[in-house]
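Peer 1: Take a look at this one; I'll ask things after.
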Amino acid sequence: MADPLQEDADRLVAFVTDVWCATIEPHIARRFVKDANGNLDRALANWEADPDRYAADKYDEDLFTQDRDGGSSQLAGLPSFQIDHADDNAGQYPRSTAATRPNTRPNTPSNSLHGSGMGDYHGPVMNQETGVVGGTGVQFGPATREHYESSQWALTTVSNTIPDPPPNQRTRNQDEPAFLKPLPSQDYLPALLTILERIPMARNALLLKNHVLPSYGQDPLWWSGTPIALPQTIIDGQDDSGTDGKLIHETQRLMAFLHATARAYGSADALTKLEWFRHPAWLSEEKDAIRFLWSWMAAATRFEPSDGLEGLFETTAHQVQSGNSSRPSFKCLTPVLDNGGSGACLSLYDVLDDTIWSNDPDGTKDVHASIDHIAEVLVLILKQPDVGANGLNMIIPPSWFADRYLTEHESKSKQMRKDRAEYRGRIAEIQQSIQKYARFSYQGKTGDALALLETAMSAFGAPSKEEIETDGDVDMGATEEGDSAQDDEVLGQLQSIYDNVKGKIEDLKKEEQLAQQSLEQLSGLLKEQSDASELGPKAKYQLCGLSTDPSVLYVKQNYGKPTADQDQEVGQGSESCTDWWRIQCDSSGQISKSRIAQADALTAAVVESREVMLVYASEKALSEPLEDLPPALAEFVSADNALFGEELAGETEQPPPYEVEGGGAEADAGQGRTDTEDTVMGEADAKGGSNTQHIEFAGN
């Protein structure tokens, strides 16, 4: 079995080499990963903060020429250390009361190196510290005082568990989405599951209605992460209590909970504790969110092998290189941006171009790369490695088309890259020519050529730069009285050169502008729908949710296909209707919910963090009708809501007032729920319609 620690160390070496153009020794990389407890992101951050942290861990040939004490061989025979004993009458040290050993003997010659056969030494010890280890410093021992100053000494506990507020502060309002709170591991999994529940095709698939238990059990603390233990169940000859079944059924519980619970939030902690979720096959994946997609797909296809579930989250690429064909697949695309914080702002198409066509960026190589099948629900985790960047330094679109990457358009895309490379080369040549005319170089110094000519002309009495620019009819031969005819001739020559250089630069800039327009037109292949619908792109994907941090979630409230007006607003990038929710559950013990506009969500995606998870869904995935909850799952949520009702009934503390931001936007209360599910919500639904909630955790 491969060593996960070594694999992460190899990844760290590759990343440092490729991104930072630096060198890190493999054993040093392994040390960084090991000290970061296997967290590759933390190991990289530690390396970036101090690349020489383990520089002392080096092979030193000089150690073999030193004596046993690590010093020069010239000092052989000198005492390694000397500890002077305290004065017996000074009371510097507390006497030992242990009855199992005698007190330490004084440091007399008989107890030193005197009798070692190495001779006496009474001079100063070279390269060593001497002195008394006093008893006046801080000592560790049992607490014997009645009071200790907290600023000087304290003992505290550490917990990775996020506390929960009282029941009356975690009631779900009817118009807002339920969510799963962050895990102690700070992973994207809770955010991903919350977003997937809002996508009809994903929710229907994760419910796996053809494989439902007769009963899903009950536990008062399941909502907070406590697993539910069920007896062995055999359905259609399959053991539903095995690892496959446990993963499927826990996912079903979470989907039903998110859709019909009366609680404001739940937890996915029970899901991450399952054995199948920790299968060695996907332990190489660093994030639990990606592990879930792999493990659920593997488990679901075992129960429904012919249901086409692999097309939901799995994307299959097709690459032919030198006659060799390969079809790698992935559940999550994880591009690393290479523009840095100060580079040009990238589009999502730029990032995908560089990722999918990385082996043939200019279309000139014997490489054919495309996507053979793209997932209906596409998960991306984008990362900006530049620690100095403020966010991603890219634009996140509300929708985009995947057609240019599909195999059916591979030849068009390859020709587009080839033509684009030629235009880029032409633009580079034009820019080089502009620099040739616009800049001068003389004896190691460079400058503006036109400014130099203007200065030279002014020495011959030529009009100023402002006069030249405002009045093109200025007679350059009209100089101050007394100028010689020779000066007039030189001035005329300088003016002619100036006009030629300026005209050439202007012509080149116009040519550059035209080439840039042609390049942009080429790069727009299959990005937008044209009037001729049969020639335009078809595979449209819409943003359904994102997470800028495991504790910060943005999710779109509306299900299904948008209206024509909404679609027009999306195309304009200025959707103002508050279809989005921002949910934050931070480590300080506070939960906040805000209903926001899509434009605000898109802005947050690019400025809040250097790593962002995006979830896009196809129009097919969004337009699929929502299915009713199976009766057993509806009963499970109804029973959990009843337990929550008992908690509310036993709660005497009154909830704090909600903080409301903005106007009262009309709530799409109960949107997407069936009559059965509305009944499940029961009396525990709160009827308030505030746009923003701030929930303080108890004990904070």
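Peer 1: Please rank T171, T407, fewest neighbouring Cβ atoms within 10 Å first, as an exposure proxy.
Peer 2: Details: T171 19, T407 16.
With the sparsest Cβ surroundings first, the list reads T407, T171.
Peer 1: Taking the Cβ of L346 as the center, what net charge do the other residues with Cβ under 10 Å away carry, scoring Lys and Arg +1 and Asp and Glu -1? If you can, show how the numbers build up before the last one.
Peer 2: Values: positive: none; negative: D338, D350, D353, D354.
Here the charged neighbours net out to -4.
Peer 1: Around T171, which amide H atoms from residues at least 5 apart in sequence, or from another chain, sit under 5 Å from its own amide H, with H modelled in the peptide plane?
Peer 2: When sequence neighbours closer than 5 places are left aside, the close amide H contacts are A264.
Peer 1: Which order do peptides 205-215, 181-191 fall in by mean Cβ count within 10 Å, highest first? Before the final figure, lay out the partial values.
Peer 2: Numbers: 205-215: 18.0, 181-191: 21.3.
Per-residue mean Cβ counts within 10 Å order the peptides as 181-191, 205-215.
Peer 1: When a footprinting reagent is the concern and you count Cβ atoms within 10 Å, what order do E376, E410 take, fewest first? Provide the component values of the computation, followed by the final result.
Peer 2: Numbers: E376 23, E410 18.
Fewest-to-most ranking of E376, E410: E410, E376.
Peer 1: Measure off 7 Å from each Cα along the Cα-to-Cβ vector at E651 and K510, then give the distance between these two points in nanometres to one decimal.
Peer 2: 7.3
Peer 1: Further question on the same structure: So if R0 is 30 Å, what FRET efficiency would N390 and K209 give, r being the distance between their Cβ atoms, rounded to the nearest 0.05?
Peer 2: Values: r = 46 Å, r/R0 = 1.52.
After rounding to 0.05, the efficiency reads 0.10.
Peer 1: Ok, one more. Where the centre of each part is set by its Cα atoms, how far does segment 351-397 sit from segment 612-630, in angstrom?
Peer 2: After rounding, the separation between the Cα centres reads 23 Å.
Peer 1: Continuing with this model, one more query. How much net charge surrounds A449 when only other residues with a Cβ under 11 Å from its Cβ are counted (Lys, Arg +1; Asp, Glu -1)?
Peer 2: +2
Peer 1: Also: If we count every other residue with Cβ under 15 angstrom of E608's Cβ, Lys/Arg +1 and Asp/Glu -1, where does the sum land?
Peer 2: Working: positive: K383, R582, R610; negative: D549, D586, D600, E611.
Net charge around E608: -1.
Peer 1: So if I average 1/r over every pair of distinct C-alpha atoms in segment 268-330 and take the inverse, what Kirkwood radius in Å does that give? Please list the in-between numbers first.
Peer 2: Working: mean 1/r = 0.0748 Å⁻¹.
Computed over Cα pairs of segment 268-330, the Kirkwood hydrodynamic radius comes out at 13.4 Å.
Peer 1: Once fully extended, how much extra length lies between C21 and D448, figured as 0.36 nm per residue of separation less the alpha-carbon to alpha-carbon distance?
Peer 2: 150.3 nm
Peer 1: Moving on. Evaluate the charge dipole of segment 357-444 about its Cα centre and quote only its size in Debye, nearest 20, assuming +1 on the Cβ of each Lys and Arg and -1 on the Cβ of each Asp and Glu.
Peer 2: 540
Peer 1: Before anything else, pin down the relative contact order of segment 364-417: Cα pairs under 8 Å, at least 6 apart, normalised by residue count, whole percent.
Peer 2: RCO, segment 364-417: 47 percent.
Peer 1: Just list whichever of K34/K365; K383/K538; K509/K540; K383/K540; K287/K365 have alpha carbons separated by over 31 Å in the model shown. Mind dumping the intermediate values first?
Peer 2: Working: K34/K365 41 Å; K383/K538 28 Å; K509/K540 37 Å; K383/K540 23 Å; K287/K365 34 Å.
Cα-Cα > 31 Å for K34/K365; K509/K540; K287/K365; rest within.
Peer 1: Something else now. Obtain the nm distance between the two label points defined at L230 and T316 by a simple spin-label model: each point lies 7 Å from its Cα along the Cα-to-C-beta direction.
Peer 2: 3.1
Peer 1: Order the peptides 636-649, 5-18 from the highest to the lowest mean number of other Cβ atoms within 10 Å of their residues.
Peer 2: On the way: 636-649: 18.7, 5-18: 16.5.
Result, highest mean Cβ count within 10 Å first: 636-649, 5-18.
Peer 1: Between H279 and D487, what is the FRET efficiency for a Förster distance of 60 Å, r being their Cβ-Cβ separation, to the nearest 0.05?
Peer 2: The formula returns an efficiency of 0.10 here.
Peer 1: While we're on this one: Can you put H373, H27, H249 in order, fewest other beta carbons within 10 Å first?
Peer 2: Final ranking by Cβ density, sparse to dense: H27, H373, H249.
Peer 1: Principal axis extents for segment 255-387, Cα atoms only, whole Å, descending order, please.
Peer 2: Per principal axis, max minus min of the Cα coordinates gives 55, 41, 28 Å.
Peer 1: From the phi of every residue in segment 430-443, what ³J(HN,Hα) in whole Hz does the Karplus formula 6.51 cos²θ - 1.76 cosθ + 1.60 yield, where θ is phi - 60° and glycine or proline is x?
Peer 2: Rounded to whole hertz, the list is 4, 5, 5, 5, 4, 5, 5, 7, 7, 10, 10, 9, 8, 6.
Peer 1: Could the peptides 263-271, 31-39 be put in order, highest first, of the mean number of other beta-carbon atoms found within 10 Å of their residues?
Peer 2: Answer by packing, highest mean first, reads 263-271, 31-39.
None of the figures in this text is laboratory data; all of them are computed from the coordinates on show. The structure displayed is predicted, hence computed values, not measured ones. All Cβ positions, even for glycine, are placed from backbone atoms using ideal geometry, and neighbour counts span all protein chains on display.
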